[in-house]
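Colleague: Pasting in a structure now, in structure tokens, and then I'll have a few things to ask.
Read the figures in this text as sums done on the coordinates, not as results from a lab. Nothing here was measured: the structure is a model prediction, and the numbers come from that model. Heads up, the Cβs are rebuilt from the backbone with ideal geometry, glycines too, and the neighbour counts pull from every protein chain shown.
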Amino acid sequence: MAGKFELKAAKSGQFHFNLLAGNGQIIMQSEMYETKASALNGITSIQKNAADEARYERLVSKTDKPYFVLKAGNHQIIGQSQMYESAAARDNGIESVKKNGPEATVVDLTA
């Protein structure tokens with residue numbers, strides 16, 4: 001099963017999305033966007049940048065949990081992963097984004 005983006009509206013009226021792997025697990029989440037169009041642009045940016053290894057930044061949280069962010073060409077963060085238990089699990093998450101991100105369909109849950 002292919003990955004998908006789930007576009008959602010928050011109670012605040014802003015929009016955000018998650019990238020899900022084929023198994024339905026969330027592998028990346030977005031920031032909040034003021035408009036639906038901006039959120040859709042964020043999805044397009046992930047689709048464009050997901051396959052590029054240079055766009056990933058591998059990080060460690062204050063509680064020593066590995067995670068990653070995906071950046072656009074302008075160095076803005078366009079998606080962030082969950083916190084992982086190991087660097088190997090984080091790296092598997094990156095590979096999943098690379099595999100699922102470029103071809104993932106968009107499911108609009110805002111309606």
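Colleague: Under 5 Å between amide H atoms, partner at least 5 residues away or on a different chain: which partners does GLY79 have, H built in plane at 1.01 Å?
Modeller: LEU70
Colleague: Under 5 Å between amide hydrogens, which residues at least 5 positions from VAL107 or on another chain qualify, with H placed 1.01 Å from N in the peptide plane?
Modeller: Close amide H contacts, sequence-distant or interchain: PHE5, GLU6, LEU7.
Colleague: Here is a further query. Any idea how far the Cα center of the stretch 1-62 sits from the one of the stretch 67-111, in Å?
Modeller: After rounding, the separation between the Cα centres reads 7 Å.
Colleague: On to the next question. With θ set to phi - 60°, apply the Karplus curve 6.51 cos²θ - 1.76 cosθ + 1.60 along the stretch 97-108 and write out the HN-Hα couplings as whole Hz, x wherever there is a Gly or Pro.
Modeller: Per residue, the Karplus-derived 3J(HN,Hα) values read 5, 4, 6, 8, x, x, 10, 4, 7, 9, 10, 8 Hz.
Colleague: Using θ = phi - 60° and the Karplus relation 6.51 cos²θ - 1.76 cosθ + 1.60, list the HN-Hα couplings for the stretch 61-72 in order, rounded to whole Hz, with x at every Gly or Pro.
Modeller: 6, 4, 9, 6, 9, x, 7, 9, 10, 10, 10, 7
Colleague: Report P(r) for the chain: all Cα-Cα distances, bin width 10 Å, range 0 to the bin holding the largest distance, values in whole percent.
Modeller: For the chain, the pair-distance distribution reads 16, 48, 31, 5.
Colleague: Might you report the magnitude of the Cβ-based charge dipole of the chain about its Cα centre, with Lys and Arg at +1 and Asp and Glu at -1, to the nearest 20 debye?
Modeller: Working: 13 positive and 12 negative charges, 26 e Å.
The dipole of the chain has a size of about 120 debye.
Colleague: Using the Karplus equation 6.51 cos²θ - 1.76 cosθ + 1.60 (θ = phi - 60°), what ³J(HN,Hα) coupling, rounded to whole Hz, does each residue of the stretch 78-83 give in order, writing x for Gly and Pro?
Modeller: Karplus-based 3J(HN,Hα) across the stretch 78-83 equals 10, x, 9, 7, 6, 8 Hz.
Colleague: Running a GNM on the chain with Cα contacts under 10 Å, which residue among ALA72, ALA87, ALA51 ends up with the highest mean-square fluctuation?
Modeller: ALA87
Colleague: Between LYS62 and ALA2, what FRET efficiency comes out of the Förster formula 1/(1 + (r/R0)^6) with R0 = 41 Å and r the beta carbon distance, rounded to 0.05? Walk me through the numbers on the way to the answer.
Modeller: Details: r = 35 Å, r/R0 = 0.85.
About 0.75, to the nearest 0.05.
Colleague: When only Cα pairs under 8 Å and 6 or more residues apart are kept, what is the percent relative contact order across the chain?
Modeller: Computed value for the chain: 32 percent relative contact order.
Colleague: Of TYR56, THR105, GLN29, which is farthest on the positive side of the dipole of the chain, counting Cα position, with +1 on Lys and Arg Cβ, -1 on Asp and Glu Cβ, and the Cα centre as origin?
Modeller: GLN29
Colleague: Going down the table (LYS4/LYS65; LYS65/LYS98; LYS62/LYS98; LYS71/LYS98), which pairs top 23 Å between alpha carbons?
Modeller: On the way: LYS4/LYS65 26 Å; LYS65/LYS98 21 Å; LYS62/LYS98 26 Å; LYS71/LYS98 13 Å.
Distance filter (> 23 Å) returns LYS4/LYS65; LYS62/LYS98.
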